[in-house]
Structure formats: C-alpha cells, structure tokens
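Working notes, structure below.
The values are calculated or read from the model by the stated rules, or taken from the named source; none is laboratory data. Fair warning: this is a prediction, and the values are worked out from it, not measured in the lab. All Cβ positions, even for glycine, are placed from backbone atoms using ideal geometry, and neighbour counts span all protein chains on display. Only protein heavy atoms, including side chains, enter the accessible area calculation; ligands, DNA and RNA are left aside. Shrake-Rupley method; radii C 1.70, N 1.55, O 1.52, S 1.80 Å.
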Amino acid sequence: MIVLLGVLVVVIGFATKRNPLLVVGVAGIATGFLGGLSPGEVLAAFGEGFAGSRAVTIFAITLPVIGLLERYGLQEQARTLIARFARLTTGRFLALYLGLRQIGAAVGLTNVFGHAQTVRPLAVPMAEGAAERTYGRLPGRTREKIRSFAASADNVGLFFGEDVFLAVGSILLITGFVNTTYGTHLEPLHLALWAIPTAVCAFLVHGWRLLRLDRGLERELLTANVRSDAATEAAQ
C-alpha cells in the first residue's frame, strides 16, 4: 500500500497549484522508488511510457499550425462565415457542433474535432460571431460564457459518443476485464449498443442546455445595454 503514496503526491501538488508536469514526474519517480525500482529502472519506465504514448506529443505540431492559421485570419474567416447564416444562433450552432462531435466520435474519428484544433480556432469565433451579429460587441464575461459552452459541447460529444465505437479503449478494457475476471463472454458490440441510449440522452439534455443559452444571452445582453443607455443618459 505504500506505493499509493505517489497518489498523495499528485493530490498535494495539484492542491498547491504546482506545475502539473513537475507534479506527475515527481509522483512517478516517488512511486517507482517506493515500489523497489532502481534509478535505471525508473528511467526505463519513463522511456517506455513516453514511447508508448508518443502520439500525445502531436500537440508540438498542432499548436504551431493552428497559430499560423490564426495569424493569417482563420478566426476572422470563421466569423465571416457564420454571419452568412442569419438563423444560426449561438445555441443552435453549438448544438450542431455537439451533434457532429458525437457522431464523429461514434465512428472512431475522435481526433478530427477537439479543443486545440477545432474549438478554439473555429467553434468559439463562430459562436461569438453569431452573438455579435445580433447584439453587437460582447462583454468579456459573455465571451467567457460562450467559450465555456463551446468547450462543454466538445467534451460531452466526445465522452458519450466514443463509447458507441467498438474499438475504443474503454470498451475493450471493460470487455477484457469482465471476461477475464468473471469468465463471461461479453462482446464489444453489446456494450456499444447499450451506449447508444446514453449517448442520445446526453445529446438531448446538453443540446437543450445549449439552446437555452440563446435566452440567457438575450436577457444578459439586453439588460447590459439598458444599463449602458441609462448610464449614458445620466452622464449627459
């Protein structure tokens, strides 16, 4: 049980708001030493983990590409595009994005969308552009609210959509564990089929929340405009 002290290191590190990479590294080293590994074996474990998960480092390529696209007007083009669709409000657009994200994850395209490659450079500017088309310039608090809903649309779509895909890691892990531990014969298809009702419910619930966002923005921004006009009249 002493090996679990590495988890305590992670909890303390995050609670004190230390650098996440440093916290995880120290926790890994501490866990290795507490488990009786030599310094060489700990280093080898880090190397094997990095080699096995090297796809995580794809951000080193993704971020510069997204940065260059934004520098040359990607967000401006996204705002211009959304302005052409007069009936596509912020809530409707994010609900549409939620559906696309969920369908993509359900067929295994989990990396097609995402926060770095889609939400920040495309989804957020388009959602903000739809609100600006109706209400004009947005306050900073409203922008943060729209961005949080855009991020939630991506998270919910991915989380509940990927379980419908047969070859996702969580499905294979569950079937492998259950079949090995309990001697059953559970097929990945069975879990994927039972994940469909959950995915549909998640889409309906969060899609409804996204559509309600339009009403919230209307009340918030109209109230802010009324206060602004009143302040202007009082100053005059």
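Details
- Cα-based helix-to-principal-axis angle, 188-235 vs the chain, degrees rounded to 10: 40
- Cα long-axis angle, helix 39-52 against the chain (0 to 90 degrees, to the nearest 10): 50
- Rounded tilt (10° steps) of 20-34 against the dominant C-alpha axis of the chain: 10
- Peptides 30-38, 10-18, 162-170 ordered by packing proxy, namely the average of other Cβ atoms within 10 Å per residue, highest first: 162-170, 30-38, 10-18.
- Solvent-accessible area per residue in the stretch 128-230 equals 62 Å², computed with a 1.4 angstrom probe and all protein chains kept.
- Extension gain for Val7 to Ala44 (0.36 nm times residue separation, less C-alpha to C-alpha distance): 11.3 nm.
- Spin-label proximity, Asn179 to the stretch 144-169 - amide N less than 19 Å from point 7 Å beyond Cα toward beta carbon: 163-169
- Estimated inter-spin distance, Thr110 and Thr62, nm [label 7 Å along Cα→Cβ]: 1.2
- Simple spin-label estimate for Thr16 and Leu204 in nanometres, 7 Å along Cα-Cβ: 4.9
- Read-out Kirkwood radius over Cα pairs in Å, derived from the coordinates shown; its label in (1) 17.9; (2) 21.5; (3) 18.7: (2)
- Taking 0.36 nm per residue of separation and subtracting the Cα-Cα distance, full extension of the segment from Arg212 to Glu70 would add 48.1 nm.
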